[in-house]
Amino acid sequence: MRIAEARVIVTCPGRNFVTLKLVTDDGLTGVGDATLNGREQAVAAYLTEHVVPVLLGRDPARIEDTWQLLYKGAYWRRGPVTMSAIAAVDTALWDIKGKVAGLPVHELLGGRSRDGVTVYGHASVSSLDGILTDVGRLVDQGYRAVRVQAAIPGLPTTYGVSADARTYEPAGSALPAQEVWSTPRYLAHVPGVFERVRAEFGPDLRLLHDAHHRLTPIEAATLGRRLEPYALTWLEDPVPAELQEGYRLIRQHTTTPLAVGEVFNSIWDCQELITGQLIDYIRASVVHAGGISHLRRIFDLAHLYHVRSGSHGATDLSPICLAAALHLDVSIPNFGLQEYMPHTAATDEVFPHGYHYEDGYLHPSTTPGLGVDIDEELAARYPYRPASLPVNRLEDGTLHSW
Ligand code: EZ4
Ligand code: CO
């Protein structure tokens, strides 16, 4: 069998998605997500110009060799654009392998290690009373874990907080919008929010919070300590992780568990964090960390060091990525949690899929392959629209991490 065709599809059913669709000479198809929020066209061009010509005529069965060819063969290693492109190819090849075998991808990965994939939902409305209502809504839907983000008094906008609690979409205008940040205001407000939520919902509900790379290690340590009475499942991205050893300092001061990895694209981004036991959850994703093959390698390393998975699952990762993530989540021994923000109805229509949510769990598709596709005719009705992520400035105008 040979790869006969490779199509790169960019569509915008409410937000932009990049998809790679491979077609074999036997007529089998495989799909992979290649979406990189705000940088979609860079990955599309990387695929079209540099990857598709190499794929045509290759044997789709050779997943590992193709991965190594694209990784080592580029000479230029790693980076989100390259690794998202490799991820799309890898994911599509696993899809084809499943279809050839007549098995869902999780059966190829060793079969089920659990009955369902525990997910966490997002509570993200602005007022404190609104948050309590929003957490209650998720609990009523069966969620056992909820990420709580709160609007910070005195700031016009806050990461993770939307006017409409059901959707959160940070990419907006073609040019980056500007947000304002204050660490002192943030640190003063967040512990009180968790005090209220914990008091209202009791000890069983798992609570999470995303600091979105905005603190220094000592500020993160302070926050982690102040949150200890509310027993968070994790504090996410407390500091930017280019400096992996920064986590050592946080670790010395707090027992609040740490999660990091949504911007990571290879095992080398988290090698020190994992082997140094500096984190508790690794949040890398199929699409941004080199596909199913490479993400499984990261999870295997993590397993040796008591680190569990907690894959990123925001709505800028397409249903193809979520479908692939669920096959990994259900099969690996060290699964932790899976982030879940339901896609819009328009997105779900463009990407018909067999996974489903029930009572706090997502269940992967049981059809051969990934169990997800792209409706190319429908996708063509939603042309690409430039959209950027915001930038963040301190109150005095200094550029800060968003
Ligand atoms: O800001 O996916 O935990 N989730 C997040 C996300 C990210 C977006 C960036 O594209 O931090 O909301
Ligand atoms: Co995050």
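Miscellaneous remarks
- Each residue, residue 112 and residue 49, gets one label point 7 Å from its Cα in the Cβ direction; the gap between the two is 4.6 nm.
- Near residue 187: Cβ cut-off under 12 Å, other residues only, Lys/Arg at +1 and Asp/Glu at -1. The net charge is +3.
- Compared with the direct C-alpha span, the chain from residue 41 to residue 128 gains 27.4 nm at full extension, assuming 0.36 nm per residue.
- Cα coordinate range in the stretch 108-367, projected on the principal axes (Å, largest first): 50, 43, 41
- The chain - mean residue ellipticity at 222 nm from DSSP helices (-39,500 (n - 2.57) per run, n ≥ 4, rounded to 500): -10500 deg cm²/dmol
- Each peptide in 311-322, 250-261 was scored by the mean count of other Cβ atoms within 10 Å over its residues; highest first, the order is 311-322, 250-261.
- Summing +1 for each Lys or Arg and -1 for each Asp or Glu among the other residues whose beta-carbon sits under 12 angstrom from that of residue 61 gives +1.
- Distance from the Cα centroid of the stretch 53-103 to that of the stretch 252-284 is 26 Å (rounded to whole angstrom).
- Residue-span extension gain [residue 5 to residue 68] - 0.36 nm each, minus C-alpha spacing: 20.6 nm
- Simple point charges give the picture: +1 on the Cβ of Lys and Arg, -1 on the Cβ of Asp and Glu, and for the stretch 84-176 a dipole about the Cα centre of about 240 debye.
- Counting only alpha carbon atoms, the long axis of helix 128-140 and the longest principal axis of the chain meet at about 40°.
- Helix 183-201 and the long axis of the chain differ in direction by around 90°, with both axes built from C-alpha atoms.
- Net length gained if the chain between residue 175 and residue 300 were fully extended (0.36 nm per residue, minus Cα distance): 41.1 nm
- Estimated FRET transfer efficiency (residue 141, residue 378; beta-carbon r; R0 22 Å; 0.05): 0.20
Just so you know, all these numbers are worked out from the coordinates, no wet-lab data involved. Since the structure is predicted, the reported quantities are computational estimates derived from the model, not experimental observations. We place every Cβ from the backbone using ideal geometry, glycine too, and count neighbours over all the protein chains shown.
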